[in-house]
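Taken together, the values in this text are just the output of simple stated rules run on the coordinates, not laboratory data. None of these values were measured; they are calculated from a predicted model. For neighbour counting, all protein chains shown are included, and Cβ atoms are generated from backbone atoms with ideal geometry for every residue, glycine included.
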Amino acid sequence: MSKIDVTDESFDGLLKSADQPLLVDVWAPWCGPCKMVGSALNTIVQADPTRFSLAMANMEEFEQTADKLNIKATPTLMIFQNGEEVARRSGAMIKSQIENWLNEHLDR
């Protein structure tokens, strides 16, 4: 798996079945920085699809889960390993900043 769209209904099942780290990008269609981050993430996951799975969570279809996870801003990136959140970062980032953040939190 490399990229999947996730909703309130599918998140728990995806989290439980993930066999590699799961990077969740919580975004909104009206959010300019979200488009930049999403594009960078697509490039990163395509370059190494076995490193992590990318779950794209449109805030409009992820509202209840976002509330449970205490997400206050878009874009918000979260890394889950073995069903547990291990890292979170909110706000706009360029590709190199995302890569550095991933390198800090994902085993190589």
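General observations
- Residue 24 buried (at least 20 other Cβ atoms within 10 Å of the Cβ), among the β-branched types (Val, Ile, Thr), within 11 Å of the chain's Cα centre (by Cα) and more than 17 Å from residue 85 (Cα to Cα): no
- Which listed residue is in a strand (DSSP E or B) and either among the hydrophobic types (A, V, I, L, M, F, W, C) or farther than 16 Å from residue 22 by Cβ (or both), from 93, 78, 36: 78
- Residue within region 43-55 that is in contact with a Pro (Cβ under 9 Å, 6 or more places away or on another chain), of a type outside the set (Gly, Ala, Ser) and surrounded by 14 or more Cβ atoms within 10 Å (Cβ to Cβ) present: yes
- Looking across region 56-87, the residues that are crowded, with 16+ Cβ neighbours inside 10 Å, farther than 17 Å from residue 31 by Cβ and touching a Leu at 6+ places or on another chain (Cβ under 7 Å) come down to 79, 80.
- Listed by first and then second residue, the pairs linking a residue in region 19-37 that is among the basic types (Lys, Arg) to a residue that is in a strand (DSSP E or B), with Cβ atoms under 9 Å apart and 6 or more places separating them unless they lie on different chains, are 35/27.
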